[in-house]
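**Student:** Handing you this structure, nothing more for now.
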2 protein chains.
Amino acid sequence: MDLYFSPLACSMATRIAFYEADAAARFVEVDPKIKRTRDGADYYAINPLGLVPAIRTDDGEVMTENAAILQYVADCFPGADLAPTSGMGRARLQQWLCFIGTELHKGLFMPLLDPKAPEAGKTYTQDKGASRLAYLDRYLAGRDYLLDRFSVADAYLFTVLNWSTATGVDLARWPAVKDYYTRMRQRPSIAKALAEERALYVQQQARHKAA
Amino acid sequence: MDLYFSPLACSMATRIAFYEADAAARFVEVDPKIKRTRDGADYYAINPLGLVPAIRTDDGEVMTENAAILQYVADCFPGADLAPTSGMGRARLQQWLCFIGTELHKGLFMPLLDPKAPEAGKTYTQDKGASRLAYLDRYLAGRDYLLDRFSVADAYLFTVLNWSTATGVDLARWPAVKDYYTRMRQRPSIAKALAEERALYVQQQARHKAA
């Protein structure tokens, strides 16, 4: 399977899932600024929206959208137990994937990360996002994971919380969230993904500066 | 099952799903301004985020987040065939639910609908949203539905496109999207849900004015 990713973008959640499953994958880096892969191919030809992640399955099908990709990858490697397979467990997984995707990723962090987003909107975004993080904080208090064990929802939540420093969102205001983030960062699959993508991010920034 | 809804909000997609399945449900109206049900109960006690939809299942479990609820309801009524049950079909359903939820609902329409969102951000939001609607337009050209038959993703897409008039998003710029919206509006389940929720919306606005 191919994973189209950009360093430290939300595609890192899928890399974490691959590492959790100890599964082979080809990682294809996309420059988010010029929308090209490292070998110069036009990424819009893969995903017309220009967004990562996308995967190309072993059958050659391209799939987009994080919540769908994470569930697909989890289902490909059932031995890794990265997602409940059915019933209320699966429904709760989808609830968290949707919450992270809509309230945190798109609602809070994306407007703060996007350099084209107007400054005037940022206070509004942070205030609204604070209520979402407070909700998450109450939920995570006394829990190790979003579900009863590690799942792709944790891979996604860690990945978006990892944007807090760059966006000035101080997780210390929500102690259970901060504690969760700190614990997750030590998980081997996450530590490995983070170290690798940080190094790639530094290289990407250097290329942008040189261009 | 109970559906907590506000008239014409994204919870309408779940009402449409119930009508498609010809399934009984109790519809509990929530005032989005005061976050109370019509009989005065505190809605934050149901969903601490104050957002609709929420459902209370027949087992008494409360579930939130539209993409999760729509899949749960579809799975409760398999005879209505509102969602592929597995494999790539289900993955594509999740892809569309995620696209609608993140790119259209949260990315485009929510900042335009929210009276607290700053005016300065609205041009940015509309420009970004236009690229998403252009992508959808290319996809829908020559298709009847998002998947190969009507699914809960169509119920959700219709519901968010229905906010276009109130937000000044002129669907005529994307003819296949406009045509899809017009066709869907004539579908019996949707026509019934829309007529009922419009009437409830008018009553809600009258109550707000009188308060």
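The values are calculated or read from the model by the stated rules, or taken from the named source; none is laboratory data. Source: prediction; values computed, not measured. Cβ sites come from the backbone with ideal geometry, for glycine too, and all protein chains shown count toward neighbours.
**Student:** For the range B:161-211, which residues satisfy the criterion of being within 24 Å of residue B:141 (Cα to Cα), among the small types (Gly, Ala, Ser) and not in a helix (DSSP H, G or I)?
**Tutor:** Of everything in the range B:161-211, just one residue is within 24 Å of residue B:141 (Cα to Cα), among the small types (Gly, Ala, Ser) and not in a helix (DSSP H, G or I), namely B:168.
**Student:** Spot the failing condition for residue B:51; the list is (1) crowded, with 22+ Cβ neighbours inside 10 Å; (2) over 23 Å from residue B:195 (Cα atoms), and only one is missed.
**Tutor:** (2)
**Student:** Quick one: how many residues across the range A:112-137 are of a type in the set (Ser, Thr, Tyr), surrounded by 16 or more Cβ atoms within 10 Å (Cβ to Cβ) and modelled with pLDDT of 95 or more?
**Tutor:** Start the filter on the range A:112-137 by keeping residues that are of a type in the set (Ser, Thr, Tyr), which leaves A:123-125, A:131, A:135.
Add one more test, that the residue is surrounded by 16 or more Cβ atoms within 10 Å (Cβ to Cβ), and what stays is A:124-125, A:135.
Remaining after also requiring modelled with pLDDT of 95 or more: A:135.
Of the residues in that region, 1 qualify.
**Student:** Can you tell me which residue is nearest to residue B:76 (Cα to Cα) among those in the range B:130-151 that are in contact (Cβ under 8 Å) with a residue 40 or more places away in the chain and more than 12 Å from chain A (Cβ to nearest Cβ)?
**Tutor:** The first filter runs over the range B:130-151 and keeps only residues in contact (Cβ under 8 Å) with a residue 40 or more places away in the chain, leaving B:130, B:133-134, B:136-137, B:140, B:146-147, B:149-151.
When the remaining residues are screened for being more than 12 Å from chain A (Cβ to nearest Cβ), the result is B:130, B:140, B:146-147, B:149-151.
Details: B:130: 35, B:140: 28, B:146: 21, B:147: 20, B:149: 18, B:150: 16, B:151: 14 Å.
Selected residue: B:151.
**Student:** Does at least one position in the range A:114-129 carry a residue that is among the aliphatic types (A, V, I, L, M) and over 24 Å from residue B:97 (Cα atoms)? Reasoning before the result, please.
**Tutor:** Here is the first cut: in the range A:114-129, the ones among the aliphatic types (A, V, I, L, M) are A:117, A:120.
Restricting the remaining residues to those that are over 24 Å from residue B:97 (Cα atoms) gives A:117, A:120.
Yes, some residue in the range A:114-129 is among the aliphatic types (A, V, I, L, M) and over 24 Å from residue B:97 (Cα atoms).
**Student:** While we're here: Residue check: is residue B:116 part of a loop (DSSP other than H, G, I, E, B), more than 18 Å from residue B:180 (Cα to Cα) and within 11 Å of chain A (Cβ to nearest Cβ)? Talk me through it step by step, then tell me what you get.
**Tutor:** Numbers: part of a loop (DSSP other than H, G, I, E, B): yes; more than 18 Å from residue B:180 (Cα to Cα): yes; within 11 Å of chain A (Cβ to nearest Cβ): yes.
Spelling it out, residue B:116 is indeed part of a loop (DSSP other than H, G, I, E, B), more than 18 Å from residue B:180 (Cα to Cα) and within 11 Å of chain A (Cβ to nearest Cβ).
**Student:** Here's a follow-up. Would you say residue B:85 is crowded, with 17+ Cβ neighbours inside 10 Å, farther than 16 Å from residue A:65 by Cβ, β-branched (Val, Ile, Thr) and over 17 Å from the mean Cα position of the chain (by Cα)?
**Tutor:** Working: crowded, with 17+ Cβ neighbours inside 10 Å: no; farther than 16 Å from residue A:65 by Cβ: yes; β-branched (Val, Ile, Thr): yes; over 17 Å from the mean Cα position of the chain (by Cα): yes.
When the stated conditions are applied, residue B:85 does not pass them.
**Student:** If you check residue A:16 against the conditions, is it facing another protein chain (nearest Cβ under 10 Å) and either buried (at least 20 other Cβ atoms within 10 Å of the Cβ) or free of Cβ contacts under 8 Å to residues at least 40 places away in the same chain (or both)?
**Tutor:** Numbers: facing another protein chain (nearest Cβ under 10 Å): no; either buried (at least 20 other Cβ atoms within 10 Å of the Cβ) or free of Cβ contacts under 8 Å to residues at least 40 places away in the same chain (or both): yes.
For residue A:16, the condition - facing another protein chain (nearest Cβ under 10 Å) and either buried (at least 20 other Cβ atoms within 10 Å of the Cβ) or free of Cβ contacts under 8 Å to residues at least 40 places away in the same chain (or both) - is not met.
**Student:** Test residue A:3 against the criterion of being in contact with a Ser or Thr (Cβ under 6 Å, 6 or more places away or on another chain), part of a strand (DSSP E or B) and among the hydrophobic types (A, V, I, L, M, F, W, C), and give yes or no. Give the steps one after another, and end with the answer.
**Tutor:** Numbers: in contact with a Ser or Thr (Cβ under 6 Å, 6 or more places away or on another chain): yes; part of a strand (DSSP E or B): yes; among the hydrophobic types (A, V, I, L, M, F, W, C): yes.
Spelling it out, residue A:3 is indeed in contact with a Ser or Thr (Cβ under 6 Å, 6 or more places away or on another chain), part of a strand (DSSP E or B) and among the hydrophobic types (A, V, I, L, M, F, W, C).
**Student:** Select from the range B:19-29 the residues that are surrounded by fewer than 19 Cβ atoms within 10 Å (Cβ to Cβ) and among the hydrophobic types (A, V, I, L, M, F, W, C) and list them in ascending order. I'd like the intermediate steps shown before the answer.
**Tutor:** So in the range B:19-29, the residues surrounded by fewer than 19 Cβ atoms within 10 Å (Cβ to Cβ) come out as B:22-27.
Passing the criteria: B:23, B:24, B:25, B:27.
**Student:** If you go through the range B:42-81 one residue at a time, how many are more than 15 Å from the chain's Cα centre (by Cα), in a loop (DSSP other than H, G, I, E, B) and touching a residue at least 40 places away in the same chain (Cβ under 8 Å)?
**Tutor:** Residues flagged as more than 15 Å from the chain's Cα centre (by Cα), in a loop (DSSP other than H, G, I, E, B) and touching a residue at least 40 places away in the same chain (Cβ under 8 Å) within the range B:42-81 amount to 6.
**Student:** So residue B:98 clears everything in (1) within 16 Å of residue A:99 (Cα to Cα); (2) assigned to a loop (DSSP other than H, G, I, E, B) except one condition, right? Which one?
**Tutor:** (2)
**Student:** Could you figure out which of (1) without any contact (Cβ under 8 Å) to a residue 40 or more places away in the chain; (2) facing chain B (nearest Cβ under 8 Å) isn't true of residue A:97?
**Tutor:** (1)
**Student:** Is the range A:169-182 home to any residue that is touching a residue at least 60 places away in the same chain (Cβ under 8 Å), farther than 26 Å from residue A:77 by Cβ and buried (at least 19 other Cβ atoms within 10 Å of the Cβ)? Can you show your working first?
**Tutor:** Initially, the range A:169-182 is screened for residues touching a residue at least 60 places away in the same chain (Cβ under 8 Å), giving A:169.
The next check asks that each one be farther than 26 Å from residue A:77 by Cβ; those that pass are A:169.
Keeping just the survivors that are buried (at least 19 other Cβ atoms within 10 Å of the Cβ) gives A:169.
Yes: the range A:169-182 contains one or more residues that are touching a residue at least 60 places away in the same chain (Cβ under 8 Å), farther than 26 Å from residue A:77 by Cβ and buried (at least 19 other Cβ atoms within 10 Å of the Cβ).
**Student:** Take the conditions within 14 Å of another protein chain (Cβ to nearest Cβ), within 21 Å of residue A:6 (Cβ to Cβ), surrounded by 13 or more Cβ atoms within 10 Å (Cβ to Cβ) and among the aliphatic types (A, V, I, L, M) and apply them to residue A:160. Does it pass?
**Tutor:** Details: within 14 Å of another protein chain (Cβ to nearest Cβ): yes; within 21 Å of residue A:6 (Cβ to Cβ): yes; surrounded by 13 or more Cβ atoms within 10 Å (Cβ to Cβ): yes; among the aliphatic types (A, V, I, L, M): yes.
Yes.
**Student:** Given the structure, is residue A:123 among the β-branched types (Val, Ile, Thr), facing chain B (nearest Cβ under 9 Å) and in contact with a Pro (Cβ under 9 Å, 6 or more places away or on another chain)? Step through it out loud before you land on a result.
**Tutor:** Numbers: among the β-branched types (Val, Ile, Thr): yes; facing chain B (nearest Cβ under 9 Å): yes; in contact with a Pro (Cβ under 9 Å, 6 or more places away or on another chain): yes.
So residue A:123 fits the description; yes.
**Student:** Moving to a separate point now. Can you confirm whether residue A:89 is within 14 Å of chain B (Cβ to nearest Cβ), part of a loop (DSSP other than H, G, I, E, B), small (Gly, Ala, Ser) and over 22 Å from residue A:196 (Cα atoms)?
**Tutor:** On the way: within 14 Å of chain B (Cβ to nearest Cβ): yes; part of a loop (DSSP other than H, G, I, E, B): no; small (Gly, Ala, Ser): yes; over 22 Å from residue A:196 (Cα atoms): yes.
So residue A:89 fails the test.
**Student:** Sticking with this one: Looking only at residues in the range B:59-74 that are surrounded by fewer than 17 Cβ atoms within 10 Å (Cβ to Cβ) and more than 7 Å from every other protein chain (Cβ to nearest Cβ), which one is nearest to residue B:49 (Cα to Cα)?
**Tutor:** The residue in question is B:62.
**Student:** Let me ask another. Only one residue in A:109, A:77 is more than 14 Å from chain B (Cβ to nearest Cβ) and either surrounded by 23 or more Cβ atoms within 10 Å (Cβ to Cβ) or within 25 Å of residue A:185 (Cβ to Cβ) (or both), so which one is that? So that I can check it myself, show each step before the final result.
**Tutor:** Values: A:109 fails: more than 14 Å from chain B (Cβ to nearest Cβ).
Residue meeting the stated conditions: A:77.
Residue-by-condition table, conditions (1) over 12 Å from residue B:53 (Cβ atoms); (2) among the hydrophobic types (A, V, I, L, M, F, W, C):
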{"residue": "B:6", "(1), (2)": "no, no"}
{"residue": "B:9", "(1), (2)": "no, yes"}
{"residue": "B:14", "(1), (2)": "no, no"}
{"residue": "B:22", "(1), (2)": "yes, no"}
{"residue": "B:27", "(1), (2)": "no, yes"}
{"residue": "B:31", "(1), (2)": "yes, no"}
{"residue": "B:34", "(1), (2)": "yes, yes"}
{"residue": "B:38", "(1), (2)": "yes, no"}
{"residue": "B:41", "(1), (2)": "yes, yes"}
